[in-house]
Amino acid sequence: MTILVPILGDQLSHNLASLRAATPASAVVLMMEVAEEATYVPHHPQKIALFFSAMRHFADELREQGWTVDYVRLDDPANTGDFAGEVARAAQRHCATRIVTVAGGEWRVVDSQQTWAERTRLPLTVLDDDRFLCTIEQFAGWAKGRKRMIMEDFYRIMRRQTGLLMDGDQPVGGQWNYDQENRKSVPKGHRFTPPLRFAPDAITTEVMALVAGRFGNHFGSIDGFSWAVTREQALAALADFITHRLAGFGDYQDAMVTGEDVLNHSLLAPALNLGLLSPLEVCQAAEAAFHAGTAPLNAVEGFIRQILGWREYVRGLYWFAGPDYTARNHLAATRPLPALFWGAPTDLKCLSQAVDATRRNAMAHHIQRLMILGNFAMLTGTNPAEVHRWYLAVYADALEWVEAPNVIGMSQFADGGLMATKPYAAGGAYVNRMSDHCKSCRYDVKQRTGPTACPLNSLYWDFLARHEDLLSSNQRLWRMYDGWRRFAPDEQVRIREQAAGFLEKLT
Ligand code: FAD
Ligand code: DLZ
């Protein structure tokens, strides 16, 4: 009796449900590098290298623990190129009698898993992925029948459920949320402690050469790869963040600084999403820092909210919203993705900084993703499906369950408000307040019209005007529409002509 245990690239956890359900004596673990996963979008080369290297390291760790691991490499001449083909081949190779696996993290992969039983004519058990703090069913029970799914409401339930930062039934410090304290701008000359990086070892170096050879034409640089590829490294990265950057996480959470890629962000999302770290242990490490007095409450609460709140919330929403979520287009946006997203030159400093960080690191921090890149895509009326595919491709932490709600819902308002209560739209004033980019930008952030006016200003008003029918009844946009209506009619015309001129050149 041989149980075949396929483990996917984002299931690199030693306590995975399928490993708990089998024993080394009765099972063969199957891990597969397959072309379909490497190309369903043109992933950043660092992202592919991260998955392959972490998978190869994980396979070695399992072997050390006594598991038999059948690891199919991308360049294996017999590789069929997809999960279903490789599961079928392995089932034959090992005369498997049963397949036990953990549910994939996105609809596309779950669909593939459903074909495995028929392809192999073997009994198939698909176990729930229990590496999250909220189950898909629990979220659906909470979400069902609600007009709006407010993250803050969900977060409080999760705080009570896990006991994180709780004092009995009440939040530690008396407040649930310290976001008001987390919007500081960075003082001039402030120095950020750089994150712990990991030099590529022999396995990663081999994978990087493979990726450069096969996927060198994808957007992004493989040089500078320094991601944690093992649990041991991921734990070291977590400890480094807790010691050196967590204390300042809250203060500058929404800040952007020219030439600073990381600020006080943790860079832990790739390790979390691959399964090298668990969300609970990361939250507990932050909570311990608060109790030890090494990090203030605003930082620790803010950080825990991102993981216990946002991360669990978007995962629940992804499965709750259904497989057609990524096709939603509430604002009927049709523009093709502007070439600047793929590195074409742009004079907008905020955009060039964010795209360049993405190209170099397969990473951009939250506010760059939301308020620079996402905002620009939404203001320019870019097709959300194209925006979604871009985000899914370029970030090391991008898996559809977490990327799609953030892009389709939070940043593009393409789900019509299922996730966000209003579109995250901003003009140049926001960028100027939260960053130092405007100081060295060729555009003048104070101007709405004219040859040197910051394009974000006219685009912002044009966006509001374009969607007045759909958006002006939203209570949270009342002040913005009031601002628009205060412009004299001829100024409104000038602003919209300015936006049209920019958009024409963009196309
Ligand atoms: P930190 O700022 O240090 O935050 C700590 C952790 O909180 C992160 O590691 C992450 O696990 C979690 N987190 C924070 N914000 C969110 C959020 N909105 N949703 C889910 N988890 C969150 N995150 C991804 O993991 N994968 C994605 O593909 C992804 N795409 C995004 C696209 C857009 C348009 C936006 C606005 C956000 C996206 N995010 C995504 C959320 C967030 O930007 C990243 O998790 C974060 O930038 C990763 O860097 P970090 O680990 O340094 O995060
Ligand atoms: C992202 C990715 C890539 C690039 N390659 C592989 C792969 O070759 N084999 C694999 O098992 N997983 C890979 N992944 C991650 C999968 O796409 C991920 O497991 C699914 O999206 C399921 O959530």
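Taking a ≥ b ≥ c as the square roots of the eigenvalues of the Cα gyration tensor, region 339-506 is classed as oblate, since a/c reaches at least 1.5 and a/b does not exceed b/c. Judged by the mean number of other Cβ atoms found within 10 Å, the most tightly packed of the peptides 37-44, 62-69, 393-400, 486-493 leads the ranking 393-400, 37-44, 62-69, 486-493. For region 3-127, a simple Cβ point-charge model (Lys and Arg +1, Asp and Glu -1, everything else neutral) yields a dipole of about 340 debye relative to the Cα centre. If you take the beta carbon distance between Lys439 and Glu137 as r and set R0 to 51 Å, what does 1/(1 + (r/R0)^6) give as a FRET efficiency, to the nearest 0.05? Efficiency computed from Cβ-Cβ geometry: 0.50.
With q set to 0.06, 0.08 Å⁻¹, the log10 of I(q)/I(0) for the chain, from the Debye formula over equal scatterers at the Cα positions, is -0.29, -0.52.
Placing unit charges on the Cβ atoms of the charged side chains and taking the dipole of region 10-110 about its Cα centre, the candidate lying farthest along the positive direction among His14, Val87, Thr97 is Thr97. With neighbour counts taken as other beta-carbon atoms within 10 Å, the residues Trp461, Trp107 rank, fewest first, as Trp107, Trp461. Taking every C-alpha pair closer than 8 Å and separated by at least 6 residues, the mean separation divided by the residue count of the chain gives a relative contact order of 16 percent.
Listed peptides 408-414, 283-289, 164-170 appear in the order 408-414, 283-289, 164-170 once ranked by packing, highest mean of other Cβ atoms within 10 Å at the front. DSSP beta bridges confined to the chain are antiparallel in about 15 percent of cases. In summary, the lysines within cross-link reach of Lys184, defined as a Cα separation below 29 angstrom excluding same-chain residues under 8 places away, comprise Lys349, Lys422, Lys439, Lys446. Can you list the residues of region 80-107 with backbone N under 14 Å from a point 7 Å past the Cα of Thr115, pointing along Cα to Cβ? Within reach of a label on Thr115: 80-89. Multiplying each eigenvalue of the alpha-carbon gyration tensor of region 155-217 by 5 and taking the square root yields semi-axes of 42, 22, 12 Å, largest first, rounded to whole angstroms.
Each peptide in 379-387, 419-427, 114-122 receives the mean, over its residues, of other Cβ atoms within 10 Å, and ordering these scores from highest gives 379-387, 419-427, 114-122. Helix 349-361 axis versus longest C-alpha principal axis of the chain: approximately 10°, rounded to the nearest ten. With all pairs of separate Cα atoms included, region 27-108 yields a Kirkwood hydrodynamic radius of 13.7 Å. Cβ-to-Cβ counts within 10 Å put Phe241, Phe303 in ascending order as Phe241, Phe303, the fewest first. Projecting the Cα atoms of Asn273, Trp310, Ala420 onto the dipole axis of the chain, where Lys and Arg carry +1 and Asp and Glu carry -1 at the beta carbon, places Ala420 farthest toward the positive end.
Here region 227-304 is treated as an ellipsoid with the same Cα gyration tensor; its semi-axes, largest first and in whole Å, are 19, 17, 10.
In plain terms, the residue of Cys441, Cys134 with the fewest other Cβ atoms within 10 Å comes first and the most crowded comes last, giving Cys134, Cys441.
Where a number appears in this text, it was derived from the coordinates with a stated rule and is not lab data. Small disclaimer: the values here were computed from a predicted structure and weren't measured. Positions of Cβ are backbone-derived with ideal geometry, glycine not excepted, and every protein chain shown enters the neighbour counts.
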